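Let me begin by presenting the structure, written as structure tokens, before commenting on it.
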Amino acid sequence: MANWQDPRTTTGFDAAATATVGVPRATRDAGLRSYMLSVYNYMASGVLLTGIVSMLFAKTSLINLIVNPATGQQTPLFWVALFAPLGIVLALSFGVAKMKASTAQALFWVYAALVGVQFSSLFLVYTGGSIAQAFFATAASFLALSLYGYTTKKDLSGMGTFLIMGVVGLFVAMIINMFMKSPVFDLAISAIGVLLFAGLTVYDTQRIKSLYFAVAGHGEAMAKTAVMGALQLYLDFINMFLFLLRFMGDRR
């Protein structure tokens, strides 16, 4: 399970900043499109890096670095790859305002690579075909959901608290089921997880779009918030993928 947080971007700029006052609408729209494109480029590159690293480990002897071939037990590197990303998310969430944009970008790439190491173990549990099926289903769903979040005129801000509480409850249920080991409960958790992260994809897309107007014109702040926005969408994508894989994946 990938570490999931709700990183709230802090930039050092007032959210009510009036950077776009007096700027022609066409210029603002072009700036927004460029900003969102950079967010999506970061996010897609992170997913690609995760996929490349996971395939590299899964299909070569590198897999022995995270799973002992003699015992089948996870090695210390696996646990580093499992827990280190949480530290990176926390560092970005609470320290991005004080770091350079280049540092935030580097941490994002390290995070994506570590998740790739972690994900390589999925190939030991699920068939390659079901992983590919879950990935492409997630990609298609993500595109549709994010497009809706970007284009809708409906204010989705009220969804935030409900979705975050739902995610917290979901992970509590997962911990409980570690002891119950109920297949039915596990199936329900997976289905709810897909729905929650689908909702977060829509919500986060609109929130990232809205944040642009607070940082427009501030180059460093825009660069950092683009990375944080990409991280939010990346987390939504990989968690939706994981829950969908749990729901529909064929185990070996």
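Taken together, the values in this text are just the output of simple stated rules run on the coordinates, not laboratory data. The structure displayed is predicted, hence computed values, not measured ones. Ideal geometry is used to build each Cβ from the backbone, glycine not excepted, and the neighbour counts take in all protein chains shown.
Data for the structure
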item	result
Distant-in-sequence amide H partners of Asp250 (H built 1.01 Å from N, under 5 Å)	Thr127, Ser130
The chain, helix-only ellipticity at 222 nm - DSSP H runs n ≥ 4, -39,500 (n - 2.57), divided by all residues, nearest 500	-26000 deg cm²/dmol
Whole-angstrom gap from the stretch 146-217 to the stretch 31-51, using each part's C-alpha centre	19
Three-way shape call for the stretch 41-153 based on the alpha-carbon gyration tensor, with the a/c threshold at 1.5	oblate
Proximal lysines to Lys154, defined as alpha-carbon separation beneath 22 angstrom and excluding residues fewer than eight positions away on the same chain	Lys209
Phi to ³J(HN,Hα) by Karplus 6.51 cos²θ - 1.76 cosθ + 1.60 over the stretch 97-112, Hz, x for Gly, Pro	5, 9, 9, 6, 4, 5, 5, 4, 5, 4, 5, 4, 5, 4, 4, 4
Prolate/oblate/rounded call for the chain, Cα gyration tensor, a/c under 1.5 rounded	prolate
Charged-residue dipole, Cβ positions (Lys, Arg, Asp, Glu), the stretch 25-248 about Cα centre, Debye nearest 20	380
Loop sites in the stretch 42-138: trypsin sites (Lys or Arg not before Pro), DSSP, at most 15 other Cβ within 10 Å	Lys59, Lys100
The stretch 137-194: C-alpha gyration tensor shape, a/c 1.5 cut-off, then a/b vs b/c	oblate
Order of Met165, Met248 under a 10 Å beta carbon neighbour criterion, fewest first	Met165, Met248
